[in-house]
1. Give the residues of the range 250-272 that are part of a helix (DSSP H, G or I) and buried (at least 22 other Cβ atoms within 10 Å of the Cβ), sorted by residue number.
2. Given the structure, is GLU213 in contact with a Pro (Cβ under 8 Å, 6 or more places away or on another chain) and modelled with pLDDT of 95 or more?
3. Taking into account only those residues within the range 37-55 that are farther than 15 Å from SER126 by Cα and surrounded by 17 or more Cβ atoms within 10 Å (Cβ to Cβ), which is farthest from the ligand (Cβ to nearest atom)?
4. Among GLY62, GLY58, GLY74, which is the only one that is open to solvent by 30 Å² or more (accessible area, probe 1.4 Å) and either over 15 Å from SER126 (Cα atoms) or more than 12 Å from the ligand (Cβ to nearest atom) (or both)?
5. Take the residues of the range 77-112 that are within 30 Å of ASP215 (Cβ to Cβ) and among the aromatic types (Phe, Trp, Tyr): which is surrounded by the most Cβ atoms within 10 Å (Cβ to Cβ)?
6. Let me spell it out: the conditions are (1) closer than 23 Å to LYS33 by Cα; (2) within 14 Å of the chain's Cα centre (by Cα), and LEU224 meets all of them except one. Which number is the exception?
7. Output the number of residues of the range 124-163 satisfying the condition of being out of contact with any strand residue (DSSP E or B) (no Cβ under 9 Å at 6 or more places or on another chain) and more than 16 Å from the ligand (Cβ to nearest atom).
8. With the condition being farther than 30 Å from ALA274 by Cα, in contact with a His (Cβ under 9 Å, 6 or more places away or on another chain) and open to solvent by less than 10 Å² (accessible area, probe 1.4 Å), I'd like the helices (runs of 4 or more DSSP H) fully within the range 113-223 carrying at least 2 qualifying residues.
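The values are calculated or read from the model by the stated rules, or taken from the named source; none is laboratory data. Since the structure is predicted, the reported quantities are computational estimates derived from the model, not experimental observations. We place every Cβ from the backbone using ideal geometry, glycine too, and count neighbours over all the protein chains shown. Areas reflect the complete protein model, heavy atoms only, side chains present, ligands, DNA and RNA absent. Shrake-Rupley method; radii C 1.70, N 1.55, O 1.52, S 1.80 Å.
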Amino acid sequence: MAAYLGLYRSGKLRERVEAAMSLLENCSVCPRKCGVNRLACEVGKCLTACEAMVSSYGPHFGEEAPLVGRNGSGTIFFTNCNLRCQFCQNYSISQLGEGEKVDKEELAHVMLSIQAKGCHNVNLVSPTHVVPQILEALEIAVESGLHLPLVYNSGGYDSVETLRILDGIVDIYMPDMKYDDEETAGELSGIESYPSINKAAVREMHRQVGDLEVDEEGVAQRGLLVRHLVLPYGLAGTKGIVNFLSREISLNTYINIMDQYHPCYKAFQIPSLARRISPVELHEALSLAREAGLSRLDKARSIENLRIRSE
Ligand code: SF4
């Protein structure tokens, strides 16, 4: 049973919606704390005013196996982002504003249509800057029978205050952990404070949902799933991140060490980002995770086999 159903039945989901909406007036929905009045449709650094925007939605089979199962993960790609990653692989959505405005009824309809298609979850992609709008829609969708688990699939720059509003609503947290170094975070994503804010967010997410739990068919039901994209020249700070997870979160953390980095958007203008990662860099990242004691590595074996075959 999705976590939010209990809150809805006890009447507390409404309180959470109101708490989230109140963050919009002097916007502190995310750690940037712009202070603009988004209820009056002012725009902050995420370039999003009162309404959420969606670029696409539907069953997705490219996510991690525990989310995809047999019928797909029901992704909803939200337009815009509170980060400014120079290498964003979805930059037309996150940075260039591709998508359409949706009001709360339309967004509720999107969630219900995903459920009607048989997906295993509602996978909220880049939800950080539109948490209040998502909760408003969720309340409407629940009244019409939504029961799928919610996946909070964020860039990992989330405020603990907002995450606490989501306690008991989100079933599966899937944050990025992009960097371990402030200078790199500032240069590549425009936010020096990313590493400390990101670690605080991951701590809070794990406190709420614990380690990833899957059912007898391997489909995720609840818990934390961390994504870490390996960048060239060790820019992603893999060692610091896997050590943080193993020492301060859990040795049982499920982590996807991703190898698909390729230059996109403004990365071609940054020499250190202008190439893919090498097989050696991927192997090093996986080894660092294992040396840290992490053993739940998504697709690690198949990635390594593929690399060996292609070399
Ligand atoms: S959600 Fe947007 S407007 Fe609000 S604090 Fe974050 S970046 Fe600023």
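1. Passing the criteria: only ALA267.
2. Against the criterion (in contact with a Pro (Cβ under 8 Å, 6 or more places away or on another chain) and modelled with pLDDT of 95 or more), GLU213 does not qualify.
3. Ranking the qualifying residues of the range 37-55, first place goes to ALA49.
4. The match here is GLY62.
5. PHE78
6. All conditions are met except number (1).
7. 7
8. 131-143
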